[in-house]
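The values are calculated or read from the model by the stated rules, or taken from the named source; none is laboratory data. No experiment lies behind these values; they were computed from the predicted model shown. In this analysis, Cβ positions are derived from the backbone assuming ideal geometry, glycine residues included, and neighbour counts consider all displayed protein chains. Quick note on the areas: whole protein, heavy atoms, side chains included, nothing else; ligands and nucleic acids left out. Shrake-Rupley method; radii C 1.70, N 1.55, O 1.52, S 1.80 Å.
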Amino acid sequence: MNICQLERETDRWAERLLVDGYCVIPDLLTDTVQALDRDLAADFERTPFCEGGFYGARTKRFGRLLVRSGHAEAVVMHPLITGIVERVLSPWCDTIQLNLTQAIALHPGALPQLPHRDQDMWRGETGEVEYLVNVMWPFTPFTRENGATLVWPESHGRRALDPTIPSTEFPVEMSPGSALVFLGSTLHGAGGNRTNAIRRGCIVSYCLGWLKPYENQWLAYPPEVARHFSPELAALVGYQQHRPNLGNYEGRCPSILLGDEIAEHLAATDALRPDQAEMVAEFVAGQRQAAA
Ligand SMILES: O=C(O)CCC(=O)C(=O)O
Ligand SMILES: [Fe+2]
């Protein structure tokens, strides 16, 4: 896909996402997703079942997919997906960040999950702001019977202010290679698994760059790990400041921790949005004039 086609596709899917609250994009990275599933087989096996009614007692989950498989990066950094996410979240942030990567196995007998909106993990105003975009990548076929994610179409945005649960949900049936993209304000939940086989997949979620992410990205990917990431991926997992000055290390961009040598004493340096830089520059110029 060339840049123009990518732009057009990004517009098209972002529009669908904003109108319906979700969209299903077919035929992305089918081989990569299957290779990722293979790399995670031992982790799926060894990870104990979740505890607690939200995660579900017949469900297994684990994070940190970027250290578990070399195939995770292509999934996390898929240009169409990151383009859609930027389109949707950029009204409220300077840069997006990775909120989580999580592999999920829904075992036979898993019950349907509580219908929820992922944005409710934060306690900000709802109805106007979109806080996150989620992407579910199936590793096995997702069917009505094995617990395909249930989505309530058009339950997003201002409709998230209505506490009643409408009866309009449907299971998003799809196969490996497809991606279910949905908003943080869209009502959804895992379905129940009434088959004898495990439903596997992973969620990759992105959020506004100034929020506390669900998965602690700096602990998941400490500097000695993130040093081996591309600069773009390192930035996505937190090795960048969100202007003004958020997430700094000694007043500097935390990406300095990915270099070979770090000076012991550093000059804290403004990292401001253009409007803030202009305001500060005017203020300082005024002081200089008054002093002259
Ligand atoms: O596994 C699924 O289909 C959805 C899981 C989910 O929405 C969650 O855990 O927040
Ligand atoms: Fe969820």
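Summary table below
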quantity: Which listed residue, of E261, E232, is part of a helix (DSSP H, G or I), among the charged types (D, E, K, R) and open to solvent by 50 Å² or more (accessible area, probe 1.4 Å); calculated: E232
quantity: Any hit, the range 181-202, residues being at pLDDT below 95 and closer than 30 Å to R68 by Cα; calculated: no
quantity: Boolean, L98 is open to solvent by less than 30 Å² (accessible area, probe 1.4 Å), in contact with a strand residue (DSSP E or B) (Cβ under 9 Å, 6 or more places away or on another chain) and away from ligand 2 (no atom under 14 Å from the Cβ); calculated: yes
quantity: Some residue of the range 218-225 being among the hydrophobic types (A, V, I, L, M, F, W, C), in contact (Cβ under 8 Å) with a residue 40 or more places away in the chain and either surrounded by 20 or more Cβ atoms within 10 Å (Cβ to Cβ) or in contact with a strand residue (DSSP E or B) (Cβ under 7 Å, 6 or more places away or on another chain) (or both); calculated: yes
quantity: Pick from the range 187-214, criterion within 10 Å of the chain's Cα centre (by Cα) and within 15 Å of ligand 2 (Cβ to nearest atom), ranking: farthest from V129 (Cα to Cα); calculated: I203
quantity: Residue within the range 122-134 that is over 20 Å from the mean Cα position of the chain (by Cα), hydrophobic (A, V, I, L, M, F, W, C) and more than 14 Å from ligand 2 (Cβ to nearest atom) present; calculated: no
quantity: Residue in the range 164-180 that is surrounded by the fewest Cβ atoms within 10 Å (Cβ to Cβ), counting only those that are among the small types (G, A, S) and at pLDDT 95 or above; calculated: S175
quantity: Residues of the range 137-148 satisfying the condition of being within 11 Å of ligand 1 (Cβ to nearest atom) and either more than 17 Å from the chain's Cα centre (by Cα) or open to solvent by 10 Å² or more (accessible area, probe 1.4 Å) (or both); calculated: F142, N146, G147, A148
quantity: Of all residues making up the range 20-67, the number that are surrounded by 13 or more Cβ atoms within 10 Å (Cβ to Cβ), touching a residue at least 60 places away in the same chain (Cβ under 8 Å) and not basic (K, R); calculated: 22
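Each row is one residue, and each column tells you yes or no for (1) under 23 Å from V237 (Cα atoms); (2) at pLDDT 95 or above; (3) not in a strand (DSSP E or B).
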| residue | (1), (2), (3) |
| --- | --- |
| D94 | yes, yes, yes |
| T101 | yes, yes, no |
| A110 | no, yes, yes |
| Q113 | no, yes, yes |
| V129 | yes, yes, yes |
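Okay, residues lined up against (1) under 20 Å from Y131 (Cβ atoms); (2) within 15 Å of ligand 2 (Cβ to nearest atom); (3) not hydroxyl-bearing (S, T, Y):
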residue: L150; (1), (2), (3): no, yes, yes
residue: S155; (1), (2), (3): yes, yes, no
residue: R159; (1), (2), (3): yes, no, yes
residue: M174; (1), (2), (3): no, no, yes
residue: F182; (1), (2), (3): yes, yes, yes
residue: S185; (1), (2), (3): yes, yes, no
